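The values are calculated or read from the model by the stated rules, or taken from the named source; none is laboratory data. Remember, it's a predicted structure, so these values are computed and weren't measured experimentally. Quick reminder, even Gly has a Cβ in these numbers, built from the backbone with ideal geometry, and neighbours come from all protein chains shown. These accessible areas exclude ligands, DNA and RNA; they are computed on the full protein's heavy atoms, side chains included. Shrake-Rupley method; radii C 1.70, N 1.55, O 1.52, S 1.80 Å.
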Amino acid sequence: MSIRETQAWKALEDQLESGMRDIHLKTLFQEKASRFEDFSLHAAGIQLDLSKQRWTPEVRDNLLALAREAGVPEGIQRLLNGERVNRTEDRPALHTALRLPRDAKLEVEGVDVVDAVHTTLDKMETLVDKLLEGQWRGATGKPITDVVNLGVGGSDLGPLMVTSALPDFEANSAHEIATHFASTMDGSQLADFLGWLNPETTLFILSSKSFGTIDTLSNASTALDWLAKRLGGDENLIKRFHFVGVSTKPDKMTEWGIDPANQLLFWDWVGGRYSLWSAIGLPIAIRVGMDNFRRLLAGAHAMDEHFRTAPLEENLPVQLALIGIWNVNFLDIRSHAVLPYDGRLKHLPGYFQQLEMESNGKSVTNDEAVVDYSTCPVIWGEIGPNGQHAFYQLLHQGTQPVACDFLAPVNRYNNVEDEHFRGDLMAQHRLALANCFAQSRVLMLGDDAVKSDTTPPGYKRYRGNQPSSTMLFDSLNPATLGALIALYEHKVFVQGVIWDIDSFDQWGVELGKQIATETEEIIATQQGLDSLDDSSRGLIESIWRGQRDA
Ligand code: F6P
């Protein structure tokens, strides 16, 4: 049965037709003085304000009924207990097991996963400590100073986002290690690093769940050539001193030449976009130290526990998911902007793009029926204050409805030692918060945000009524960041349950990979062009012509 046929869905449609479709947010605020209190939730260091969403307590009640009819409470238990929620790949999605404390118990299909998780964390710690103590030496005996993560998608975005978000939590070590990230298959990021890094003191992490991703393997091969050319000597020695592998495929790592001692393993039941909590998080641990990495895990675990135990009415991930369902499926808002008011979260929109769009960008249900409702909206975003000087024009006066997530820390710069500098920076933080609140207010109220007796010309008018959520965290630290990421992970899962789709596979990316392999063969061999369409043929011929004439 389609979710559209449930009683709750029909009740929501009725609410839409009997006023909710057209009601303006300013009216909702005029009608009820206590919206902030009614729609604010708090858990694991995160406050979530959903009062600027175009809903009422009655709409929320029906959304909660929809969640129950869709089996969300049972789904949460299935996910956390390690049942095979990834149906097309017939396996659990157990990223939550990666952040269980050492003394927890979770047996999945007869195997104690907590033990395996902590054994890997301990191996990771040994490796991290060796690097941070300056004990990991390159082939010529010099201590490693730079680590380059070679990975893409989930093997890049999570570690990149978290390391950028936590510059104030750098590992407290005598020996400094810088971390860098190269993901692009065209080699542009890597070529830049190889222009100035010292091969004697550079270590590469090959991060790939499948250890078969061409983007990462081609970067790895370029990196190996660079080292071999500059350091000379035995290639196997270079691999031993300058490469670490993180993957679920030990055989493939060994075949590539990664020393088993330098291999960190994780498991098939960790999805790529859910993997920063596993050894894929190695660059994070190198940057912030293992204690802070464990705090990140603990913060996510606190959100997991909240998700598991809080009633749906008070459950942050569930509520965030439900407002998303209301916006997409009833208010028909299919664009969703992520707007952090903290420059350290510059990679968060990109990270959420993969998390949400690769998880829920689906159109076939678990029973292989084509959905007759919308699923994941288009997720995009940017540092909020920078966006204000770019695309906020469209948010305020364009024709597209866009739901926005505003994110900001309550406290920042309190620990800056220099008193004067601290004052300046705290004032900048206040400015950022003021802008965050001002923007969500204007998006909500439009012209009514200012009192005026005159009506401005049309081009100066603001219609308002753009819904938004605001997330405040006490401060941006490993624990709150862990909780924030887990909050979105679980939101995605709840939406997947309601939309009846598999949030943990990503078949939509496979065909492009296959066609690219065939296309590369045609470009390289100049054979088989006739099998292509007219446009692709024309483009390839332009490449041949252009490269011949260059
Ligand atoms: O092509 C998509 C994808 O499989 C993502 O799901 C994944 O995060 C990324 O590629 C990288 O995959 P891997 O870690 O196996 O190299």
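Relative to the dominant Cα principal axis of the chain, helix 214-231 is inclined by about 40°.
Report for the chain the percent antiparallel among DSSP-assigned beta bridges with both residues inside it, nearest 5. Don't skip to the answer; put the middle values down first.
Details: 13 of 45 bridges.
Rounded to the nearest five, the antiparallel share is 30 percent.
So what is the diffusion coefficient of region 12-125 in µm² per second by Stokes-Einstein at 37 °C and 0.692 mPa s, using a Kirkwood Rh over Cα pairs? Estimated diffusion coefficient is 183 µm²/s.
Only Lys, Arg, Asp and Glu carry charge here, each on its Cβ (+1 for the first two, -1 for the last two); on that basis the chain has a dipole of about 1100 debye about its Cα centre. If you sort L12, L160 by accessible surface, 1.4 Å probe, largest first, the order is L160, L12.
Work out the FRET efficiency for R68 and D103 from their Cβ-Cβ distance, taking R0 = 41 Å, and round it to the nearest 0.05. Each step should come with its number before you reach the end.
Values: r = 33 Å, r/R0 = 0.81.
Here the calculated transfer efficiency is 0.80.
Please determine, in degrees from 0 to 90 and to the nearest 10, the orientation of helix 282-309 with respect to the longest principal axis defined by the Cα atoms of the chain, where the helix direction is its Cα long axis. Once rounded, one gets 40 degrees.
Computed from backbone phi with θ = phi - 60° and the Karplus coefficients 6.51, -1.76 and 1.60, the 3J(HN,Hα) list for region 454-461 is 10, 8, x, x, x, 6, 9, 8 Hz; x is used for glycine and proline. Rolling a 1.4 Å probe over the protein heavy atoms leaves M444 with an accessible area of roughly 10 Å².
Report, in deg cm²/dmol and to the nearest 500, the calculated mean residue ellipticity at 222 nm for the chain, where each DSSP H run with n ≥ 4 adds -39500 (n - 2.57) and the sum is divided by the residue count.
Theoretical 222 nm ellipticity from helices: -14500 deg cm²/dmol.
Over the chain, the pair-distance histogram of Cα-Cα distances with 20 Å bins from zero comes to 20, 50, 28, 3, 0 percent, rounded to whole numbers.
Of all the accessible heavy-atom surface of the chain, with the other protein chains kept in place and a 1.4 Å probe, what percent is carbon and sulfur? Could the numbers behind the result be given before it?
Details: 12260 of 24510 Å².
The value for the chain is 50 percent carbon and sulfur by accessible area.
Per-peptide packing, taken as the mean over residues of other Cβ atoms within 10 Å, places 340-348, 175-183 in the sequence 340-348, 175-183 from highest down. Within region 375-399, list the residues whose amide N lies under 19 Å from a label point set 7 Å along Cα→Cβ of V450. Those under the cut-off are 388-390, 392-398. The convex hull defined by the C-alpha atoms of region 2-63 has an orientation-averaged projected area of 5.2 nm². Could you tell me what % of all Cα pairs in region 245-361 have separations over 16 Å? Of all Cα-Cα pairs in region 245-361, 75 percent lie more than 16 Å apart. Each Lys and Arg contributes +1 and each Asp and Glu -1, all at the Cβ; summed about the Cα centre of region 228-339, the dipole is approximately 480 debye.
Whole-percent P(r), region 340-497, all Cα pairs, 5 Å bins from 0: 2, 7, 14, 17, 16, 15, 11, 8, 5, 2, 1, 0, 0. Placing pseudo-labels 7 Å out from each Cα toward the beta carbon at L539 and D418 gives an inter-label distance of 5.0 nm. Which angle between 0 and 90 degrees, to the nearest 10, do you get for helix 478-499 versus the longest principal axis of the chain when only C-alpha atoms count? Approximately 70 degrees, to the nearest ten.
Remark: accessible surface ordering of K209, K123 (largest first) is K123, K209, probe radius 1.4 Å.
What does the extension gain come out to for R461 and Q47, with contour length at 0.36 nm per residue minus their alpha carbon separation? Before the final figure, lay out the partial values.
Values: separation 414, 0.36 × 414 = 149.04 nm, distance 3.17 nm.
The R461-Q47 span can extend by a further 145.9 nm.
Can you give the accessible area per residue of the chain, in Å², using a 1.4 Å probe?
On the way: 24510 Å² over 550 residues.
Here the per-residue accessible area is 45 Å².
Projecting the Cα positions of L472, L320, N292 onto the charge dipole of the chain (unit charges on Cβ atoms of Lys, Arg, Asp and Glu, taken about the Cα centre) puts L472 furthest along the positive direction. Per residue, the convex hull spanned by the Cα atoms of region 440-541 amounts to 270 cubic angstrom. Rg and Dmax, both from the Cα atoms of region 88-179 and both in Å, are 16.7, 48.
Go through T399, P92, T184 and say which Cα lies farthest out towards the positive end of the charge dipole of the chain; charges sit on Cβ, +1 for Lys and Arg, -1 for Asp and Glu. So the residue furthest toward the plus end is T399.
What the Kirkwood sum gives for region 377-448 is a hydrodynamic radius of 14.0 Å, with every pair of different alpha carbons counted.
In µm²/s, what is D for region 269-426 at 20 °C and 1.002 mPa s, where D = kT/(6 pi eta Rh) by Stokes-Einstein and Rh is the Kirkwood radius from Cα pairs? Don't jump to the answer; show the numbers that get you there.
Working: Rh = 18.6 Å.
The estimated diffusion coefficient comes to 115 µm²/s.
Rounded if a/c is under 1.5, else prolate if a/b beats b/c, else oblate: with a ≥ b ≥ c from the C-alpha gyration tensor eigenvalues square-rooted, which is region 97-141? Judged from the Cα gyration tensor, region 97-141 comes out prolate (a/c at least 1.5, a/b above b/c). Mind giving me the FRET efficiency for L431 and E125? R0 is 35 Å, r the Cβ-Cβ distance, nearest 0.05 is fine. After rounding, the FRET efficiency stands at 0.30.
Counted residue by residue at 0.36 nm each, then reduced by the alpha carbon distance between them, the extension gain from E518 to K252 reaches 93.5 nm. When the residues H420, H242 are ordered by accessible surface, computed with a 1.4 Å probe over the protein chains alone, the sequence from largest down reads H420, H242.
For the pairs K130/K346; K32/K460; K123/K239; K26/K460; K130/K239, flag any whose C-alpha to C-alpha distance is greater than 24 Å. Mind dumping the intermediate values first?
Working: K130/K346 30 Å; K32/K460 28 Å; K123/K239 19 Å; K26/K460 19 Å; K130/K239 17 Å.
The pairs that break the limit, which is 24 Å between Cα atoms, are K130/K346; K32/K460.
In this Cβ point-charge picture (+1 for Lys and Arg, -1 for Asp and Glu), region 443-518 has a dipole of about 500 debye about its Cα centre. The relative contact order of region 293-451, computed from alpha carbon pairs under 8 Å that lie at least 6 residues apart in sequence, is 24 percent.
Per-residue surface analysis assigns F241 an accessible area of about 60 Å², computed on protein heavy atoms at 1.4 Å probe radius. Averaging sequence separations of C-alpha pairs under 8 Å and six or more residues apart, then dividing by the length of the chain, give the relative contact order as a whole percent. In percent, rounded to a whole number, it is 19.
Kirkwood Rh, Cα Rg: Rg to Rh for region 172-327? Please list the in-between numbers first.
Details: Rg = 19.2 Å, Rh = 17.9 Å.
On the Cα set of region 172-327, Rg over Rh gives 1.07.
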